[in-house]
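K.L.:
Below is a structure I'd like to ask you about.
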Amino acid sequence: MAQVPEEIDVWVVEDKAIFRNALKSLLDRSPGLSCSLSVGTCEQALETLELGAAPDIVLMDIGLPGMDGIEGTKRIKTLSPTTRIIMLTVHEESQSIFDAICAGASGYLLKPSSAENIAAALRDVQQGAAPISPFIAGKILDMFSRLAEPKSASGEYGLTARELEILELLVEGFTVPQVADRLGVSFHTVDSHTRNIYAKLHVRSRTAAVAKTLKERLI
């Protein structure tokens, strides 16, 4: 006798009640899918998760009252690493897409997606796929192609060869005295170069300089 496949349990986190109820209705009438929780905030979802319940998948909005969907995704993945999360949102900015993926989202769909596409995405993600709308896929490809482009710090910010050398050592964790010892120059020389680096990068601290260097791949 053929074994009946288990239903995929989906939670909906969406603050617009009409759309939230429509999603729940869609899930409950779709073969192989069910919605055991439908709430308007991440906080409500996390409260249920902390009680021991965990869904297979969460359909998550980004623009939510209180905790946003990206932070909510991070928290849910921390509490339930096996739960997959699909963002279902109006946000199509590259930064939102990037932040959601980094937070642990397994898929990214735009509102309004058709009922058929949403149901198909849920089944696909349960099988390990990463459902993404064609528009978002194009955004991701463009974003990563730009991230892959080599950047020239001296060209971007006018850093000299010596400043680049010092910046690289700072990123590696060297202190200013250690940099001076490494390069065989005085503390004051390195300190002067470091101040110039901060000014050119438009930052005010070593931490900010290192963060900007890593984010923009300046070395």
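The values are calculated or read from the model by the stated rules, or taken from the named source; none is laboratory data. From a predicted model like this one, the values you see are computed outputs, not experimental measurements. Because the Cβ atoms are built from the backbone with ideal geometry, glycine has one as well, and the counts that use them run over all protein chains shown.
K.L.:
Run A120 past the list (1) modelled with pLDDT of 90 or more; (2) touching a helix residue (DSSP H, G or I) at 6+ places or on another chain (Cβ under 9 Å); (3) among the small types (G, A, S) and report the number of the one that doesn't hold.
P.N.:
Result: A120 fails condition (2) only.
K.L.:
Scan the stretch 154-195 for residues that are without any contact (Cβ under 8 Å) to a residue 24 or more places away in the chain, among the small types (G, A, S) and loosely packed, with under 15 Cβ neighbours inside 10 Å and jot them down.
P.N.:
If the condition is that a residue be without any contact (Cβ under 8 Å) to a residue 24 or more places away in the chain, among the small types (G, A, S) and loosely packed, with under 15 Cβ neighbours inside 10 Å, then S154, G155, A161, G173, G184, S186, S192 are the ones that fit.
K.L.:
Within the stretch 138-170, can you find the residues that are among the small types (G, A, S) and either modelled with pLDDT under 80 or touching an Asp or Glu at 6+ places or on another chain (Cβ under 8 Å) (or both)? Can you show your working first?
P.N.:
First, the residues of the stretch 138-170 that are among the small types (G, A, S): 138, 145, 148, 152-155, 158, 161.
Hits for the stretch 138-170 are G138, S145, A148, S152, A153, S154, G155.
K.L.:
State whether the residues of the stretch 66-84 include one that is among the polar types (S, T, N, Q), in a strand (DSSP E or B) and in the same structural domain as A105 (by TED's automatic domain parsing). Give the steps one after another, and end with the answer.
P.N.:
Applying the first criterion (among the polar types (S, T, N, Q)) to the stretch 66-84 yields 73, 78, 80, 82-83.
After this cut, where a residue has to be in a strand (DSSP E or B) as well, the list is none.
No; the residues of the stretch 66-84 include none that is among the polar types (S, T, N, Q), in a strand (DSSP E or B) and in the same structural domain as A105 (by TED's automatic domain parsing).
K.L.:
Let me ask another. What is the one condition in (1) crowded, with 20+ Cβ neighbours inside 10 Å; (2) modelled with pLDDT under 95; (3) small (G, A, S) that A53 does not satisfy?
P.N.:
It fails just one condition, (1).
K.L.:
May I ask you to say which residue of A54, A22, A45 is small (G, A, S), assigned by TED's automatic domain parsing to the domain that holds P131 and not in a helix (DSSP H, G or I)?
P.N.:
A54
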